[in-house]
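Heads up: the structure comes next, in structure tokens.
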């Protein structure tokens, strides 16, 4: 029977699992203690990691928010259907009813040629020109409002189908703004992903350099560990915990920075979507995203610690 010391610790050898758990607890406590004893340098490292994680995540969050709102817009691009100049107003009404029965069409509004000419004159101020016209050159126009769930490809097909109808002279599809916006969002998303990859590499290198300095400062301790039979796995354990902790803290601070930035941009984003008769709120960054940043930061910290420790510990050998 093992004799118990006054502290309650047996003098006999520990079981392997308990020894493993004890060593991990010691390594974790040593890592936390090191973070507390060097608050300034560690805080700067955490801030660098946080900014590196926050920038691409913030860009992706905005892109996803705008895409989500665009997909829910109740007012898709309008199509202007110009009728044949010889078509009478009655024929235009018949054509409007026929078009309104087409799939993907929400409603059709007729603008007769006299109203169109009057609005054109009022907008341009060319009153003298109207008095010289022998007849109204404008055709009857149909304003077509597609269904809210129809997207760009469906609008193109609808435009082609309407052009083939008798009595239709031309179909004007006002969707270039939507195509440009979607292309810009896709570009922003690609840039954010590329920036995220570059920033992740920067996090690994930055934290690796910090850990390298920590290894050098504990060179004598590592030499002693190796002299008494401790291997690289034992010596590197505190540094792995340090990397994971600093990375996780960086992810947490990144989440706070993103939430503050989104809160700052709430007003201009709402004003943007008010132009499309929507009250938008960037609600795509939630608790799951915060945990995701924590996991990403901790993973990058672990990768950086593995790389740095494996590289530098092998160079420290007892003499």
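The values are calculated or read from the model by the stated rules, or taken from the named source; none is laboratory data. Because the structure is a prediction, the values reported are computed rather than measured. Don't worry about glycine lacking a Cβ; one is built from the backbone with ideal geometry, like all the others, and counts go over all protein chains shown.
Determine which single condition residue 207 fails, assuming it passes every other condition in (1) farther than 25 Å from residue 61 by Cα; (2) surrounded by fewer than 18 Cβ atoms within 10 Å (Cβ to Cβ); (3) at pLDDT 80 or above.
Looking at each condition in turn, residue 207 falls short on (2).
Identify all residues within segment 163-190 that are outside any loop (DSSP other than H, G, I, E, B), modelled with pLDDT of 80 or more and surrounded by 12 or more Cβ atoms within 10 Å (Cβ to Cβ); write none if there are none.
Residues satisfying the conditions are 163, 168, 169, 170, 171, 184, 185, 186, 188, 189.
Counting only residues that are out of contact with any strand residue (DSSP E or B) (no Cβ under 6 Å at 6 or more places or on another chain) and over 15 Å from residue 155 (Cβ atoms), how many does segment 93-109 have?
6
Only one of (1) in a helix (DSSP H, G or I); (2) surrounded by 13 or more Cβ atoms within 10 Å (Cβ to Cβ); (3) at pLDDT 65 or above is not met by residue 310, so which one is it?
Tallying (1) in a helix (DSSP H, G or I); (2) surrounded by 13 or more Cβ atoms within 10 Å (Cβ to Cβ); (3) at pLDDT 65 or above, residue 310 fails exactly one: (2).
How many of the residues in segment 139-160 are at pLDDT 70 or above and in contact with a strand residue (DSSP E or B) (Cβ under 9 Å, 6 or more places away or on another chain)?
Residues flagged as at pLDDT 70 or above and in contact with a strand residue (DSSP E or B) (Cβ under 9 Å, 6 or more places away or on another chain) within segment 139-160 amount to 15.
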